[in-house]
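Derivation of every value follows stated rules applied to the coordinates shown; laboratory data play no part. Because the structure is a prediction, the values reported are computed rather than measured. When we count neighbours, we look across all protein chains shown, and the Cβ atoms used for this are built from the backbone with ideal geometry, even at glycine.
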Amino acid sequence: MQGYDLDLDRLAHRRAHLPESIRVRELQARAKQLADDLTEVSVEVSDLEAEQRKADADVDLVRQRSAKDRQLLDSGTIHDAKQLVNLQHELESLARRQSELEDVELEVMERLEQAQHRRDALTAERVSLEAEIAEATAQRDAALASLSAEEQTASQARAAIVGGVPGDLLALYDKLRADNAGIGAAALHRGRCEGCRIELTPVDLERIRSAPPEEVLRCEECRRILVRTPESGL
């Protein structure tokens, strides 16, 4: 029974530290960070698209005003010299304003293209990562299924033994397991307790040698239950 309990403990440890499960958690953490980054850059793209629409509208407004003033200047309907000078100055001012706005428009366009490139790259990475997570999840599930099968086999074998163990002995064993890192019973191998690895004294060995088979023996050092085997050296 101790052997099956150790098997179950090892399987539980493997389950808690399964590399496939760790891999899935790492990929899911990456996916969460990627989703946050994608949301951030998508908001940036949306803001820049709105900024570009405004810049385009500002440039178009100045162009329309310039075209209207140019049409008025070329129509020949204005004969007042001062008014003509003012109109010419306005056209020059509008030309400078248009140049400034077009620079702004170009700068916004470049920033938008960069943000769109980052968004597209993150989107492609997300697609790739989703496939990687699916594959890692399948591997984890297969590993967990294998562990479950081993645990079931060990549990069934343990249950078959438990039925033949007296209740008080089982309670003592469980308490010793809890107090001694999962080992409540240890084999006596060639005069040594396999629990604490200490050689028993000749006096103790003689006591064990003369004890009846049904007597529950304890190691004098670690107090674990001693299990006699053909290799005990008695």
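Put simply, the convex hull of the Cα atoms in the chain casts, on average, a shadow of 22.8 nm².
Taking a quarter of the surface of the Cα convex hull of region 11-135 gives a mean projected area of 9.9 nm². Rg and Dmax of region 1-55, both derived from C-alpha coordinates alone, stand at 23.5, 79 Å. In nanometres, what is the gap between the two model label sites at ARG223 and ASP80, each 7 Å from Cα along Cα-to-Cβ? Going from the ARG223 label point to the ASP80 one covers 11.4 nm.
Evaluating kT/(6 pi eta Rh) at 4 °C and 1.567 mPa s, with the Kirkwood radius of region 175-234 over Cα pairs in the Stokes-Einstein relation, gives 114 µm² s⁻¹.
With the simple spin-label model, which puts each label point 7 Å out from Cα in the Cβ direction, the ASP179 to GLU110 separation comes to 7.8 nm.
With the convex hull of the Cα atoms taken as the outline of region 120-234, the averaged projected area works out to 11.3 nm². Using the alpha carbons alone, the radius of gyration of region 150-191 stands to its Kirkwood radius in an Rg to Rh ratio of 1.03. Diffusion of region 67-166 by Stokes-Einstein, at 37 °C in a medium of 0.692 mPa s and with Rh set to the Kirkwood radius over alpha-carbon pairs, works out to 152 µm²/s. With the helix formula -39500 (n - 2.57) applied to DSSP H stretches of n ≥ 4, the chain reaches a computed 222 nm mean residue ellipticity of -27500 deg cm²/dmol.
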